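One structure is given here, and the rest of the page talks about it.
The values are calculated or read from the model by the stated rules, or taken from the named source; none is laboratory data. The model shown is predicted, which means the values in this text are computed figures rather than measured ones. Glycine gets a Cβ as well: all are built from the backbone with ideal geometry, and neighbour counts include every protein chain shown. Ligands, DNA and RNA are excluded from the accessible area calculation, which covers all protein heavy atoms including side chains. Shrake-Rupley method; radii C 1.70, N 1.55, O 1.52, S 1.80 Å.
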Amino acid sequence: MTDTSWVERAVDRWVGAAVISAEQGRAIVDHERADPTPVGQSMYGAGTAPRSADEAAGAATATAAASPGRGPARGGGGRAAEAIGYLGAALAVGALALILDELWRELVPGARLALASLVTVILAGSAFGLRRASGAAMDRLVSVLSTLAVAGTAWTASVLLRDVVDVATSPALVLVGLAATAAAAVSYLPRPRLLPQVALLLASLFTVLQGLDLPDLRPGSLWYGVVTAAVGGVWLVLGRGGWLTPRRTAELTGGALVLIGVQGASFSDARTVVLAIGIGVAGALVALAIRTDVLHMLAVGALGAFVLVPQLVFEVFGDRIGAPATLLLVGLLLVLLAVGTGRAHQEVAR
């Protein structure tokens, strides 16, 4: 047995950055723990040490792929299973659409609950059955199936609460959101992937927004926008801190949700102030992207600025000088965007 602490730390970084899958990471660590030779020699041969982290990542991934029974599944079989899974899901969705359109109203509540539960159990069971499968194709298929299972959970909870138990609308929707959030967390936490993370975010946002409707006095659009932006900000911070993976997905969805919340909150009496705050947030995202050379954050911030700046200009200056002022500001924004993009590309080239 050898000291594998360096390998474990490196594997954690590679998995967090989505360079390798979690299954490959475990295979690498297990392989190095069982190998009696020093870590550097086990990857590169006797007397050879890793020269860089990139070289170590490439060799470690190759080691995991070469480990029988642990590496990624062979591409052909994985892609075939993925295609069959997508075809089956498409046929099932088409059949459900026909049932919902033609027969749903004629079904008794118990039959509706049985149908929704059956679909959800099959989707969740399929995703669970493939949880140990490795390879990019299987990762994508499990992500799709688990995300559909989250939607099925929400559907089943809705049928149960509205058609069978007859709970009032607002509390029922909150409970549906909680059920979907729990299902999304169960699918995301053991296997962090893009689609399950997005499903978890949407389910959480839906639950929080529906909670605003519980009081008799419902808040206006300002508070819905503020809450949406707050949820997006929390998601962005969790992504930047590495608590959510893939980080890029968390940063993109969180930043976009902040700007969407600002746009929603602007349809209120405080429109000018909210738009100004939104432009400040978009500028902060652009500055963060330029400083850290993160292109996707640059895209989110620039898009938010392009959407919010013209609205603020017309709100402040009116129609007469709003158009030329908007053209001027958009031109300046394009210049800043070019500077940020050029700097990011320069850093990537280095």
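Amide H of Ser266 versus every other amide H placed in the peptide plane: which residues, excluding those fewer than 5 positions away on the same chain, fall under 5 Å?
It is none; the list stays empty.
Quick one: 3J(HN,Hα) in Hz for the stretch 106-114, Karplus 6.51/-1.76/1.60 with θ = phi - 60°, rounded, Gly and Pro as x.
Computed from phi, the couplings for the stretch 106-114 are 7, 7, 6, x, x, 5, 4, 5, 5 Hz.
Round to the nearest 0.05 the FRET efficiency obtained for Tyr86 and Val316 when R0 = 41 Å and r is the Cβ-Cβ distance.
The computed FRET efficiency comes out at 0.25.
Could you report the stretch 202-264's accessible area per residue, 1.4 Å probe, as an integer in Å²?
Heavy-atom SASA per residue in the stretch 202-264 reads 49 Å².
Would you tally the net charge around Ala172, using a Cβ to Cβ cut-off of less than 14 Å, leaving Ala172 out, and scoring K and R as +1, D and E as -1?
-2
Would you work out which of Leu173, Leu160, Val262 lies farthest towards the positive end of the dipole of the stretch 147-278? Charges go on Cβ: Lys and Arg +1, Asp and Glu -1.
Among Leu173, Leu160, Val262, the one farthest towards the positive end of the dipole of the stretch 147-278 is Val262.
Summing +1 for each Lys or Arg and -1 for each Asp or Glu, what net charge is found among the other residues whose Cβ lies under 12 Å from the Cβ of Arg247?
Spelling it out: positives minus negatives among the neighbours equals +2.
Any number yet on Rg/Rh for the stretch 71-205, C-alpha, Kirkwood?
Computed over Cα atoms, the ratio is 1.02.
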